[in-house]
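What follows is a single structure, written as structure tokens, with notes after it.
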Amino acid sequence: MNTTITFHGQELGVGADVLAQAGITAGDNVIVEATDEGVLVRRQTVTDEIDADYAAGRFRRFESDEAFIAHLDSLAGDDAS
């Protein structure tokens with residue numbers, strides 16, 4: 001599908017028909033990647049965020065459900081009543 005790209009300051013405009021076909025709406029977070037064939041724009045998913053957190057070491061493992069609950073309780077502090 002052909003469309004015209006427009007620029008508005010630091011914003012990039014893409015034809016509404018292309019965005020609709022991709023399921024992208026105003027306000028959606030997207031990932032923009034340069035590829036050998038051009039530029040790929042895709043919706044950012046929760047999985048992308050989880051993968052990034054995991055790669056950056058922003059996760060914690062618990063040995064049991066009880067350990068996980070105890071950690072959550074410690075984060076709640078005085079609010080846990």
**Study point:** Residue count, the range 18-40 (criterion: touching an Asp or Glu at 6+ places or on another chain (Cβ under 8 Å) and over 18 Å from Thr4 (Cα atoms))
**Key:** 1
Check your understanding: So which residues in the range 22-54 are at pLDDT 85 or above, over 14 Å from the mean Cα position of the chain (by Cα) and not acidic (Asp, Glu)?
Key -> Ala22, Gly23, Thr25, Ala34, Thr35, Gly38, Val39, Leu40
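Looking at the range 41-66, which of the residues that are aliphatic (A, V, I, L, M) and surrounded by 11 or more Cβ atoms within 10 Å (Cβ to Cβ) is farthest from Thr4 (Cα to Cα)?
As a first pass, look at the range 41-66 and keep what is aliphatic (A, V, I, L, M): 41, 46, 50, 52, 55-56.
Narrowing the set further to residues that are surrounded by 11 or more Cβ atoms within 10 Å (Cβ to Cβ) leaves 41, 50, 52.
On the way: Val41: 14, Ile50: 33, Ala52: 31 Å.
Applying the filter and picking the extreme gives Ile50.
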Exercise for review: Under 8 Å between Cβ atoms, at least 6 apart or on separate chains: pull out the pairs that start in the range 1-16 with a residue that is free of Cβ contacts under 8 Å to residues at least 24 places away in the same chain and end on any residue that is among the aromatic types (Phe, Trp, Tyr) and exposed (fewer than 12 other Cβ atoms within 10 Å of the Cβ).
Suggested key: Gly13/Phe7
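The values are calculated or read from the model by the stated rules, or taken from the named source; none is laboratory data. The structure presented is a predicted model; accordingly, all values stated were derived computationally and were not measured. Here the Cβ is made from the backbone with ideal geometry for all residues, glycine too, and neighbour counts use every protein chain on show.
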